[in-house]
Amino acid sequence: MQIDILFWLITLPLILFLVVYLIWQQYQYKKLANEQTLLNTVKRRTIEYDLVLKAMKLAVWHLDVQERTITYDSDYRGAMDIPSVPPGSDVELFCNNLLPEDKKRMAERMTDLLEGRTDLVHEQYQALSPVGNGTTWGETYAVIDRRDSTGRPLTVVGTSMRIDKQKEIEMALIRARNQAEESDRLKTAFLTNISHEVRTPLNAIVGFSEVLTTSTPTAEERSQLMGLIRQNNAHLLQLFDDMVSLSRLEAGDESVHKTQFLVNDLLQELVEKFTQRATEKQLTIAVSPHSENLELFTDRVRLMQILSHYIDNALKFTTEGGVTIGCNVQVSSIRVWVRDTGKGIDSAFCGDKLFERFVKVDEFEQGTGLGLSICRSLARTLGGKVGMDSEIGVGSLFWVDVPYQ
């Protein structure tokens with residue numbers, strides 16, 4: 001009996017100890033497992049957090065308001081053209097590399113935030129790149145993190161983000177919108193001009209035709225009326241030719257059929273084409289004796305269209321003297337030109353402006369203002385360019401440069 005009692009007195013504490021030890025071990029195991037799970041979760045979330053920052057090209061930073069210092073906790077903007085800012089740097093460095101107009105605005109907004117006059121700053125800005133002469137676009141969000149007992153800010157946290165791609169898309173959309181608005185404006189102007197220009201020769205043709213059929217004019221009057229009808233017919237045909245040419249160019253019909261030909265042969269053909277019209281206005285038209293007899297490989301038809309527009313305008317605005325055409329070699333092109341002795345063009349219209357659509361030097365003259373615009377488009381299809389020089393009271397010179405080897 002005493003032995004049994006002694007056995008239980010020794011065994012029972014051991015059993016209790018083993019039970020407690022096993023429970024404690026199980027607790028420690030669960031604790032370690034929970035801690036590992038927590039560490040894995042934190043690690044996974046950190047990876048996810050870093051991945052988000054990298055994907056969005058974000059930098060996270062905080063400001064110590066009292067010390068007026070900035071520290072970047074992480075910076076995933078990842079570009080050589082963004083200067084690095086050491087931890088604890090002066091807050092002025094935040095705006096130091098911005099463009100002048102953005103620097104002033106950002107400094108004012110950040111001052112309002114640091115002094116507690118606002119709770120949130122959201123701004124977009126451009127920064128100078130230390131690599132080359134380019135700029136980068138950025139966007140910043142900043143909020144007050146902690147305040148003291150009086151409500152004054154102690155720390156500010158914020159993010160800075162690269163938005164170059166976003167700005168490129170935004171600018172592309174703005175350009176597309178502007179092009180659509182310009183296209184709509186040009187369409188309205190086109191219809192207005194065309195309706196007016198078509199109506200004018202049609203009225204003349206119908207009116208003079210009516211006179212010829214309902215009255216008995218003399219032979220001289222009949223000849224004069226027929227001349228006016230032919231003149232308005234030619235104007236109407238030219239108008240439709242311009243519209244067709246413009247429509248083809250806008251539709252992307254840039255097919256170029258190049259051939260080898262002598263430029264002076266083309267110029268002589270143009271002289272023969274416009275001789276009668278020049279004679280009717282008591283003007284001369286000729287190929288310049290100084291024109292070089294050059295061989296050119298390009299689209300002959302399109303070059304002839306350009307020069308025909310030039311000569312047509314020259315004869316229209318010239319009352320004395322005449323028109324001279326010619327060609328000369330430039331550095332890497334052949335310049336074919338048309339010179340007149342007309343009244344000249346005011347400097348306000350000289351240059352590229354005159355080659356825009358619907359631009360007319362004299363609003364009282366017939367025409368849609370499309371001819372020179374068509375010339376520029378045709379020259380571009382040939383890989384060339386157009387230009388002009390003019391002097392009031394002396395005359396004008398219009399030219400087209402065509403690539404030449």
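Suppose we keep only residues that are closer than 14 Å to residue 339 by Cα and not in a strand (DSSP E or B) within the stretch 279-305. Which one would you say is most open to solvent (accessible area, probe 1.4 Å)? Full working, then the answer.
At the first step, the residues of the stretch 279-305 found to be closer than 14 Å to residue 339 by Cα are 283-291.
Next cut, not in a strand (DSSP E or B) only: 283, 288-291.
Values: 283: 13, 288: 15, 289: 120, 290: 147, 291: 17 Å².
Among them, the one singled out is 290.
Screening residue 244 on (1) under 27 Å from residue 344 (Cβ atoms); (2) among the β-branched types (Val, Ile, Thr); (3) open to solvent by less than 80 Å² (accessible area, probe 1.4 Å); (4) assigned to a helix (DSSP H, G or I) shows it passes everything except condition (1).
Applying a threshold of 9 Å to beta carbon distances and a minimum spacing of six or more residues, or different chains, the list of pairs starting in the stretch 220-239 at a residue that is farther than 16 Å from residue 207 by Cα and ending at one that is in a helix (DSSP H, G or I) and among the small types (Gly, Ala, Ser) reads 238/371. Taken across the stretch 24-43, residues that are at pLDDT below 65, assigned to a helix (DSSP H, G or I) and basic (Lys, Arg) do occur, with at least one present. Confirm whether residue 118 is open to solvent by 60 Å² or more (accessible area, probe 1.4 Å) and either of a type in the set (S, T, N, Q) or modelled with pLDDT under 85 (or both). In short, no. Checking each residue in the stretch 135-155 for being in a strand (DSSP E or B) and of a type outside the set (D, E, K, R) picks out 135, 136, 137, 138, 140, 141, 142, 143, 144, 153, 154, 155. The set of residues in the stretch 151-170 that are crowded, with 16+ Cβ neighbours inside 10 Å and farther than 11 Å from residue 136 by Cα comprises 153, 156, 158, 159, 160.
Every residue in the stretch 311-344 that is polar (S, T, N, Q) and either assigned to a strand (DSSP E or B) or touching a Lys or Arg at 6+ places or on another chain (Cβ under 7 Å) (or both), please. Write out each step before concluding.
Residues of the stretch 311-344 that are polar (S, T, N, Q), as a first pass: 313, 318-319, 324, 328, 330, 332-333, 341.
324, 328, 333 - these are the residues of the stretch 311-344 that are polar (S, T, N, Q) and either assigned to a strand (DSSP E or B) or touching a Lys or Arg at 6+ places or on another chain (Cβ under 7 Å) (or both).
Scanning the stretch 197-236 for residues that are under 19 Å from residue 280 (Cα atoms) and either of a type in the set (D, E, K, R) or touching a Gly at 6+ places or on another chain (Cβ under 9 Å) (or both) gives 220, 221, 222, 230, 235.
Within the stretch 323-341, if we keep just the residues that are more than 36 Å from the chain's Cα centre (by Cα) and open to solvent by 10 Å² or more (accessible area, probe 1.4 Å), the residue that is farthest from residue 395 (Cα to Cα) turns out to be 324. Considered as a group, the residues in the stretch 186-230 that are among the small types (Gly, Ala, Ser) and modelled with pLDDT of 75 or more include one that is surrounded by the fewest Cβ atoms within 10 Å (Cβ to Cβ), and that residue is 219.
Among the residues making up the stretch 353-370, those that are open to solvent by 50 Å² or more (accessible area, probe 1.4 Å) and either at pLDDT 90 or above or in a loop (DSSP other than H, G, I, E, B) (or both) are 356, 357, 361, 363, 364, 365, 366.
Hey, could you check the stretch 254-274 for residues that are open to solvent by 60 Å² or more (accessible area, probe 1.4 Å) and under 16 Å from residue 315 (Cα atoms) and say which is modelled with the lowest pLDDT? For the stretch 254-274, the residue satisfying everything is 273. When residues of the stretch 371-390 are filtered for being crowded, with 18+ Cβ neighbours inside 10 Å, assigned to a strand (DSSP E or B) and of a type outside the set (S, T, N, Q), how many remain? Residues flagged as crowded, with 18+ Cβ neighbours inside 10 Å, assigned to a strand (DSSP E or B) and of a type outside the set (S, T, N, Q) within the stretch 371-390 amount to 3.
The values are calculated or read from the model by the stated rules, or taken from the named source; none is laboratory data. Just so you know, these numbers come straight off a predicted model, no measurement behind them. With ideal geometry, Cβ positions are generated from the backbone for all residues, glycine too; neighbour counts draw on all protein chains shown. Protein only, heavy atoms only, side chains kept; ligands, DNA and RNA dropped before computing areas. Shrake-Rupley method; radii C 1.70, N 1.55, O 1.52, S 1.80 Å.
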